[in-house]
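One structure is given below, represented as structure tokens, and several questions about it will come after.
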Amino acid sequence: MLDGIGSLGPLRGASAPPPSVRPPSVENDRTFKEILKDSIDGVNRLQQEADRVLEKYAKGEASPDEVTIAFKKSQIAFELLLQVRNKLVDAFQEIQRMRI
């Protein structure tokens, strides 16, 4: 009944994964500066899009719902960016308070 187990071969200890298996890189190894700049650019694009939708609304080419959605997207993205900025400022101030 246990004869099939012997064919598995000797047990080996835990080993590191082969070099070809790497964990996926986060953000394609981009720097923090690049990620932050892209985020700011994204918020700026959303604000510009909201302005374009408002202009279309003034010409009668967009509905009030489209204007509301565009401005809500812009507002949420800006508030998120503002919270990230606040956390960064808090972290910087905390680092400044550290004694060396």
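Scan region 73-83 and tell me whether some residue there is loosely packed, with under 10 Cβ neighbours inside 10 Å and either over 16 Å from the mean Cα position of the chain (by Cα) or modelled with pLDDT of 95 or more (or both). Before the answer, list the steps.
So the first thing to find is which residues in region 73-83 are loosely packed, with under 10 Cβ neighbours inside 10 Å, and the list is none.
No, region 73-83 contains no residue that is loosely packed, with under 10 Cβ neighbours inside 10 Å and either over 16 Å from the mean Cα position of the chain (by Cα) or modelled with pLDDT of 95 or more (or both).
State which residue is modelled with the highest pLDDT when the search covers only region 8-52 and only residues that are among the basic types (Lys, Arg) and either over 30 Å from Phe71 (Cα atoms) or surrounded by fewer than 10 Cβ atoms within 10 Å (Cβ to Cβ) (or both).
Of the residues in region 8-52, the ones among the basic types (Lys, Arg) are 12, 22, 30, 33, 37, 45, 52.
Subset that is either over 30 Å from Phe71 (Cα atoms) or surrounded by fewer than 10 Cβ atoms within 10 Å (Cβ to Cβ) (or both): 12, 22, 33.
On the way: Arg12: 56, Arg22: 57, Lys33: 93.
If we take residues in region 8-52 being among the basic types (Lys, Arg) and either over 30 Å from Phe71 (Cα atoms) or surrounded by fewer than 10 Cβ atoms within 10 Å (Cβ to Cβ) (or both), then Lys33 is modelled with the highest pLDDT.
What is the number of the single condition among (1) modelled with pLDDT under 95; (2) part of a loop (DSSP other than H, G, I, E, B) that Glu61 does not meet?
Tallying (1) modelled with pLDDT under 95; (2) part of a loop (DSSP other than H, G, I, E, B), Glu61 fails exactly one: (1).
What is the residue count in region 60-72 for residues that are surrounded by 10 or more Cβ atoms within 10 Å (Cβ to Cβ) and farther than 22 Å from Gly42 by Cα? Spell out the reasoning first.
The initial filter retains those residues of region 60-72 that are surrounded by 10 or more Cβ atoms within 10 Å (Cβ to Cβ), namely 61-63, 66-72.
Filter once more, keeping what is farther than 22 Å from Gly42 by Cα: 61-63.
Selection size over region 60-72: 3.
The values are calculated or read from the model by the stated rules, or taken from the named source; none is laboratory data. None of the values given here were measured: they were computed from a predicted structure. Because the Cβ atoms are built from the backbone with ideal geometry, glycine has one as well, and the counts that use them run over all protein chains shown.
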